[in-house]
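Visitor: The following block contains the structure, expressed as structure tokens.
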Ligand SMILES: Cc1cc2nc3c(=O)[nH]c(=O)nc-3n(C[C@H](O)[C@H](O)[C@H](O)COP(=O)(O)OP(=O)(O)OC[C@H]3O[C@@H](n4cnc5c(N)ncnc54)[C@H](O)[C@@H]3O)c2cc1C
């Protein structure tokens, strides 16, 4: 994109300054001028009443976009089981593929993965490309990037969806760079727009706006999506599909390291992302020791402990408990927010919970706008009382 300011039309009114999200316009001597940090986004175009800003879209695709079809989901698995995010991507991928009248396909790499390939078909994949060999038993960046990039170049998928997990984040960016396309990370919504392009929506500018990003000139259109953002595809054993073994063609160069041993991290209570009940604490706890009130209630309910970023940053809770835009996304049946104000960045990680219960002493706290049930009061009194009551009921 090219942005130009026409000197003969500009009156130096400064109306365009506010429209630039990058602060890349200055007005000097009654003339607007673009600074070096102009990204050419064109957001300023409509702000000028005098027609002095011209935005020219002179970009075009260097490849034949019509060759690219089908929606691919890169399957992720652990200890012989598909991760839930894979099933969630299949659920969303199905909708996209149907809108485009294209096939939903999955790509599965590993060792002895036949059963999982069948599972992918039961969850809606029409074709499952599999690369099987012992060196793929555990995820490694080099070989996975090589194989998937080669398959993309060969089969030319239109859309590639990857889970925004530790593995997916590592892999997606490498593949996008290798096949020379864009990548939208951490999408919260996907759709097909009127031009048949993947509309990839994600929070931007610190979560204050939702931006919809298109990838019009490169293929595939690649997006990562966090676990628990979408509903999983239903399992249907009557589904039919093809399993297509592909050559893994591993060469020594991509094996960047030797994997000697896989050590499992000891679990800390219930897994936050999989939990049906989450009890989360925020700065309203007042001091780090009061996190125990959250832990005790979570334990009494058989749930997991969540935390706002405020208390993670303060060192009251480990980062693995953080819920929100820069933490984990959870979708439990019950989310109990205790002493959490309800900032947009926190809501981004929990507002799709089935039932939200908020405990806050401020009746105007924004968390009450998303809560299904609210308790206005001091958590230091309410939490011990709730835990006590639950323990009594359990006896
Ligand atoms: C780029 C970016 C990313 C971010 N990512 C995240 C993220 O992933 N997750 C996240 O959580 N935040 C995130 N934040 C921070 C977010 O904006 C808020 O600052 C944060 O969520 C506030 O945490 P809090 O609700 O615990 O604290 P506060 O906003 O300070 O709220 C404390 C609440 O406790 C209540 N309270 C106080 N005492 C009591 C009591 N005794 N009993 C009951 N209620 C009480 C108060 O009324 C208040 O509502 C991010 C911010 C930015 C800029």
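Visitor: Sort 334, 152 so that the residue with the fewest other Cβ atoms within 10 Å of its own Cβ comes first and the one with the most comes last.
Guide: Working: 334 18, 152 22.
Going from sparsest to densest Cβ surroundings: 334, 152.
Visitor: Each label point is 7 Å from the Cα along the Cα-to-Cβ direction; what then is the distance between the points at residue 259 and residue 11, in nm?
Guide: Calculated label separation equals 6.6 nm.
Visitor: Give the order of 279, 262 when sorted by the count of other beta carbons within 10 angstrom, beginning with the fewest. Walk me through the numbers before you get to the answer.
Guide: Numbers: 279 29, 262 9.
So the ranking, lowest neighbour count to highest, is 262, 279.
Visitor: Test of understanding: what is the full-extension gain from residue 101 to residue 4, defined as 0.36 nm times their sequence separation minus their Cα-Cα distance?
Guide: Numbers: separation 97, 0.36 × 97 = 34.92 nm, distance 4.00 nm.
Fully extending the segment from residue 101 to residue 4 adds 30.9 nm.
Visitor: At a Förster radius of 30 Å, what calculated FRET efficiency corresponds to the Cβ-Cβ distance of residue 78 and residue 178, to the nearest 0.05?
Guide: The computed FRET efficiency comes out at 0.75.
Visitor: Please list, in order, the residues from the range 135-176 whose amide nitrogen is less than 18 Å from a point placed 7 Å along the Cα→Cβ vector of residue 250.
Guide: Under 18 Å, as judged by backbone N against the label point of residue 250, lie 135-151, 171 of the range 135-176.
Visitor: Just to verify a number: FRET efficiency for residue 66 and residue 295, C-beta to C-beta distance, R0 = 45 Å, to 0.05? Please report the intermediate quantities before stating the final value.
Guide: Numbers: r = 56 Å, r/R0 = 1.25.
Working from the Cβ atoms, E equals 0.20.
Visitor: A follow-up question, please. Arrange the following residues from fewest to most other Cβ atoms within 10 Å of their Cβ: 205, 230. Don't skip to the end; give the middle numbers.
Guide: On the way: 205 9, 230 24.
With the sparsest Cβ surroundings first, the list reads 205, 230.
Visitor: Nearest 0.05, what FRET efficiency do residue 388 and residue 362 give at R0 = 22 Å with Cβ-Cβ as r? Walk me through the intermediate numbers first.
Guide: Numbers: r = 25 Å, r/R0 = 1.12.
Working from the Cβ atoms, E equals 0.35.
Coordinate-derived values only; no laboratory data. It should be emphasised that the depicted structure is a prediction, and the values quoted were computed from it without experimental measurement. In this analysis, Cβ positions are derived from the backbone assuming ideal geometry, glycine residues included, and neighbour counts consider all displayed protein chains.
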